[in-house]
Amino acid sequence: MPSKIEIHKRFNAIPFPPKEREKLGIAIETIGKLPINGLRRNPENGTCGWYIWCGEEMSDDADFFKPLHVGHILEYLPEIEQYLSLPPGYRFLVAHEYEDVWQDLQLTTL
């Protein structure tokens with residue numbers, strides 16, 4: 001897998017790494033499904049803006065995402081750690097050797 005620096009070079013993104021004490025939203029119940037999805041909104045209120053889920057569908061249920069400190073992501077999904085430095089407005093989808101990363105400006109507009 002590419003390093004964090006390579007990810008940013010490949011996708012022409014300015015690194016914006018989250019702090020370990022910040023929280024992200026993760027759908028714990030979906031871990032083990034593919035693909036692994038992530039989207040990053042603007043950070044606010046101690047969160048880094050990342051929302052991570054596995055599988056084809058993201059639920060609208062209010063309790064779908066659980067808070068997790070960024071520093072603990074390696075315990076759950078170590079394969080996505082390299083993507084977490086992408087700035088707000090980015091999304092990713094990965095499954096085995098497949099990788100798709102793109103900018104979605106709607107994520108950062110109100």
Selection within the range 17-48 - small (Gly, Ala, Ser) and free of Cβ contacts under 8 Å to residues at least 40 places away in the same chain: ALA27, GLY32, GLY46
Scan of the range 63-110 for residues that are within 16 Å of GLY25 (Cβ to Cβ), touching a residue at least 12 places away in the same chain (Cβ under 8 Å) and in a loop (DSSP other than H, G, I, E, B), ordered by number: PHE64, PHE65, LEU77, LEU84, LEU86, PRO88
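FYI, it's all coordinate maths here, none of it is from the lab. Predicted model only: the values in this text are computed from it and were never measured. Heads up, the Cβs are rebuilt from the backbone with ideal geometry, glycines too, and the neighbour counts pull from every protein chain shown.
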